[in-house]
1. If you take just the strands (runs of 3 or more DSSP E) that sit entirely in segment 1-97, which of them hold at least 3 residues that are over 19 Å from the mean Cα position of the chain (by Cα) and among the charged types (D, E, K, R)?
2. Would you be able to tell me the number of residues in segment 117-148 that are within 19 Å of ASP172 (Cα to Cα), buried (at least 17 other Cβ atoms within 10 Å of the Cβ) and basic (Lys, Arg)?
3. In the list PHE62, PHE96, PHE40, which residue meets the criterion of being farther than 18 Å from MET145 by Cα, surrounded by fewer than 16 Cβ atoms within 10 Å (Cβ to Cβ) and hydrophobic (A, V, I, L, M, F, W, C)?
4. Identify, please: which residue in segment 127-148 is assigned to a loop (DSSP other than H, G, I, E, B) and either of a type in the set (Lys, Arg) or outside the structural domain of LEU103 (by TED's automatic domain parsing) (or both) and is, among those, nearest to the chain's Cα centre (by Cα)?
5. With (1) of a type outside the set (Ser, Thr, Tyr); (2) surrounded by 12 or more Cβ atoms within 10 Å (Cβ to Cβ); (3) modelled with pLDDT under 75 as the list, and GLN231 as the residue in question, which single condition is left unmet?
6. Could you list, ordered by first residue, the pairs with Cβ atoms under 9 Å in which the first is in segment 75-86 and closer than 12 Å to LEU155 by Cβ and the second is surrounded by fewer than 20 Cβ atoms within 10 Å (Cβ to Cβ) and aliphatic (A, V, I, L, M), at least 6 apart or interchain?
7. Step by step: first the residues of segment 236-259, then only those that are surrounded by 14 or more Cβ atoms within 10 Å (Cβ to Cβ) and either among the small types (Gly, Ala, Ser) or touching a Cys at 6+ places or on another chain (Cβ under 9 Å) (or both), then the one that is modelled with the highest pLDDT. Which residue is that?
8. On the basis of being modelled with pLDDT of 75 or more, surrounded by 15 or more Cβ atoms within 10 Å (Cβ to Cβ), under 28 Å from LEU182 (Cα atoms) and not small (Gly, Ala, Ser), does ASP225 make the cut?
Amino acid sequence: MSDVVIETRNLSKVYRDFWGRQKVRALKALDLEVRRGEIFGLLGPNGSGKTTTMKLLLGLLFPTSGEALVLGKPATDVTKNERIGYLPEESYLYRFLNAEETLDFYGRLFDMPAHRRRRRAAELIDLVGLSGAKRRQLREYSKGMTRRLGLAQTLINDPELVMLDEPTSGLDPIGTREMKDLILDLKAQGKTVLLSSHQLADVEDVCDRIAILHLGELKELGRVDSLLKVQDELAIRCTGLNEAARQEISDVIRRHNGTLLAMESPTMTLEELFLKIVAESEAHPGRRVVGSHGS
């Protein structure tokens with residue numbers, strides 16, 4: 001199997017008005033690859049093209065130009081969606097069904113036999129922590145509980161590729177931590193995860209690589225650890241030194257019998273990187289800074 005699960009080439013999307021005139025350029029010449037078994041994050045402010053990208057990959061929208069391949073097939077080939085799990089930003093579930101009935105319904109859509117639906121539903125309800133509420137109607141669920149069930153519904157078909165739009169929306173800190181652990185567990189199972197989020201700390205915790213979009217353009221792409229490293233700066237952590245020794249550099253540390261704990265480039269937070277790239281993008285429209293950080 002190919003190591004590349006998602007590939008876009010010059011992918012663009014223009015929304016037009018009733019008369020066919022360009023209204024919004026939602027995505028401009030997007031080139032990226034998502035590799036098998038990684039967690040890949042899409043970041044960007046509202047209107048940056050994240051949701052448009054996901055809908056293009058699912059075949060819910062058709063590109064204006066360029067192409068996208070998902071699991072080795074054109075994104076417009078909806079048969080590939082049998083191997084995909086998708087969690088939209090808002091979970092649209094039937095309020096008068098309970099968790100078991102909901103998962104049974106979605107299992108039927110994938111033509112799963114009854115015994116497999118029951119077993120899979122029980123596994124997923126336990127996985128997302130809803131065993132104590134599995135027979136309550138969804139209208140009694142909190143938003144966080146609905147979000148958990150939405151993730152279970154996303155996984156009903158045991159997908160190869162999992163696409164998550166704002167997965168921690170509506171969750172409290174404990175629920176957010178559990179959701180991130182579930183995402184990491186999906187990676188451990190060998191699944192590929194593409195997620196979009198405004199919660200930068202969440203992305204920083206779980207993603208291997210990220211793409212930052214702004215005004216429909218790709219502004220930065222690379223590994224999270226490389227992107228957050230501050231270039232041309234060195235941070236030194238040590239212990240056992242007196243005040244005089246702290247004024248000097250590594251040779252003096254050894255001379256004063258200090259212990260060098262670390263000597264490495266300091267890192268910024270993902271929030272700092274994100275705000276920096278957005279500010280640069282607004283100051284220099286059209287400039288693309290891609291592929292220089294271990295992409």
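The values are calculated or read from the model by the stated rules, or taken from the named source; none is laboratory data. Note that this is a predicted model, so its numbers are computed, not measured. Reconstructed Cβ throughout: ideal geometry from the backbone, glycine too, with neighbour counts over all protein chains shown.
1. 4-16, 22-35
2. Total meeting the criteria: 2.
3. Within the list PHE62, PHE96, PHE40, the selection yields PHE62.
4. Of everything passing the filter in segment 127-148, LYS134 is nearest to the chain's Cα centre (by Cα).
5. So the condition that GLN231 fails would be (2).
6. If the second residue must be surrounded by fewer than 20 Cβ atoms within 10 Å (Cβ to Cβ) and aliphatic (A, V, I, L, M), the pairs left are ILE84/LEU58; TYR86/LEU58.
7. GLY258
8. For ASP225, the condition - modelled with pLDDT of 75 or more, surrounded by 15 or more Cβ atoms within 10 Å (Cβ to Cβ), under 28 Å from LEU182 (Cα atoms) and not small (Gly, Ala, Ser) - is not met.
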